[in-house]
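*Asks:* I'd like to ask some things about the structure below.
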Amino acid sequence: MSASHGSTSNHCLAHVAWTAIYDRGSEPDVSIDFEVHYLVQQLEDTPKIFGWVSGDEQAVLKEHGIV
């Protein structure tokens, strides 16, 4: 995960990359990389996620025959 700060000190963008491995029984496992970008605001002492941007994960799952 990485984070970059916006124009104000209480907002940032966190980039998260992860890999899902799907066990398809007798067929080979499928490994899919995903990336999500979280919009984060620091309120007092607690960071709060107020939005996110991701690709079309459902389409990727369909493309690989998972759903």
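All of the numbers you see were taken from the coordinates with simple rules; none came from a lab. Since we're looking at a predicted model, the values are computed, not measured. Cβ: placed from backbone, ideal geometry, glycine included. Neighbour counts: every protein chain shown.
*Asks:* For residue 22 and residue 46, what does the FRET efficiency come to when R0 = 25 Å and r is the distance between their Cβ atoms, rounded to the nearest 0.05? Write down the numbers at each step before the final one.
*Replies:* On the way: r = 34 Å, r/R0 = 1.37.
With R0 = 25 Å, the Cβ-Cβ based efficiency is 0.15.
*Asks:* Let me have the relative contact order for the chain, percent, based on Cα pairs under 8 Å that are six or more residues apart.
*Replies:* Working: 104 pairs, mean separation 15.9, N = 67.
Dividing the mean separation by the residue count of the chain yields 24 percent.
*Asks:* May I ask for the net charge around residue 22, where only other residues with Cβ less than 15 Å from the Cβ of residue 22 are counted and Lys, Arg are +1 while Asp, Glu are -1?
*Replies:* Values: positive: 24, 62; negative: 23, 27, 29, 33, 57, 63.
Net of charged neighbours comes to -4.
*Asks:* Each residue of region 20-29 in turn: what ³J(HN,Hα) in whole Hz from Karplus with 6.51, -1.76, 1.60 and θ = phi - 60°, glycine and Pro shown as x?
*Replies:* The phi angles translate into 10, 10, 9, 8, 10, x, 6, 8, x, 4 Hz.
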